[in-house]
């Protein structure tokens, strides 16, 4: 039995239910910035993926072919999320394009990490970082779904952040 996959599945189920049952019905009444900024700030915490490079948190046998690209991808995604949140807060004309860039990079990072973790059996070496894929990643995947939903809604409605 693969405990990690069970944990990922149930975390996805719970976070998706929270979104669909609680947030999605109210989404049309909430200002896009009030939805996007908290999600982007959560994604800004993806710098915690650097734990994959930290012996003691992960096994010293953690495959570097997984650890380095996953940590770098998480750090890049965190940086882009923080920049996007800042641009939304400043009502910049670059806010929407940066949020899209963050979304594409962030989703690609997750896809790459999943593939590399399977190829190199990284789950066997997670140690204390086990909570990242079992809790954090499912929450952030649902966050990406919300971000893309809001961006598409903004485009449909002709809404921007520009002052």
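The values are calculated or read from the model by the stated rules, or taken from the named source; none is laboratory data. Please read these numbers as outputs of a predicted model, since none were measured by experiment. A quick note on method: Cβ atoms are made from the backbone with ideal geometry, for glycine too, and the neighbour counts reach across all protein chains shown.
Please name all residue pairs, on different chains or six or more residues apart, with Cβ atoms under 6 Å, provided the first residue is in region 92-111 and is in contact (Cβ under 8 Å) with a residue 12 or more places away in the chain and at positive phi and the second residue is crowded, with 19+ Cβ neighbours inside 10 Å and assigned to a helix (DSSP H, G or I).
Between residues of region 92-111 that are in contact (Cβ under 8 Å) with a residue 12 or more places away in the chain and at positive phi and residues that are crowded, with 19+ Cβ neighbours inside 10 Å and assigned to a helix (DSSP H, G or I), there is no close pair.
Every residue, every condition in (1) out of contact with any strand residue (DSSP E or B) (no Cβ under 6 Å at 6 or more places or on another chain); (2) within 28 Å of residue 58 (Cβ to Cβ); (3) in a helix (DSSP H, G or I), yes or no:
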{"residue": "91", "(1), (2), (3)": "yes, no, no"}
{"residue": "96", "(1), (2), (3)": "yes, no, yes"}
{"residue": "129", "(1), (2), (3)": "no, yes, yes"}
{"residue": "138", "(1), (2), (3)": "yes, yes, yes"}
{"residue": "141", "(1), (2), (3)": "yes, yes, yes"}
{"residue": "156", "(1), (2), (3)": "yes, no, yes"}
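For residues in region 25-66 being free of Cβ contacts under 8 Å to residues at least 12 places away in the same chain and under 30 Å from residue 97 (Cβ atoms), which is surrounded by the fewest Cβ atoms within 10 Å (Cβ to Cβ)?
29
From 104, 150, which residue is surrounded by fewer than 16 Cβ atoms within 10 Å (Cβ to Cβ) and part of a helix (DSSP H, G or I)?
Numbers: 150 fails: surrounded by fewer than 16 Cβ atoms within 10 Å (Cβ to Cβ).
The match here is 104.
Taking the criterion of being part of a helix (DSSP H, G or I), closer than 30 Å to residue 22 by Cα, touching a strand residue (DSSP E or B) at 6+ places or on another chain (Cβ under 6 Å) and modelled with pLDDT under 95, would at least one residue in region 113-120 satisfy it?
Initially, region 113-120 is screened for residues part of a helix (DSSP H, G or I), giving 113-119.
Filter once more, keeping what is closer than 30 Å to residue 22 by Cα: 113-114.
Within this subset, residues satisfying the condition of being touching a strand residue (DSSP E or B) at 6+ places or on another chain (Cβ under 6 Å) are none.
Within region 113-120, not a single residue is part of a helix (DSSP H, G or I), closer than 30 Å to residue 22 by Cα, touching a strand residue (DSSP E or B) at 6+ places or on another chain (Cβ under 6 Å) and modelled with pLDDT under 95.
Only one of these is out of contact with any helix residue (DSSP H, G or I) (no Cβ under 8 Å at 6 or more places or on another chain), surrounded by 15 or more Cβ atoms within 10 Å (Cβ to Cβ) and without any contact (Cβ under 8 Å) to a residue 24 or more places away in the chain: 9, 86. Name it. Outline the logic, then answer.
On the way: 9 fails: surrounded by 15 or more Cβ atoms within 10 Å (Cβ to Cβ).
Going through 9, 86 in turn, the sole match is 86.
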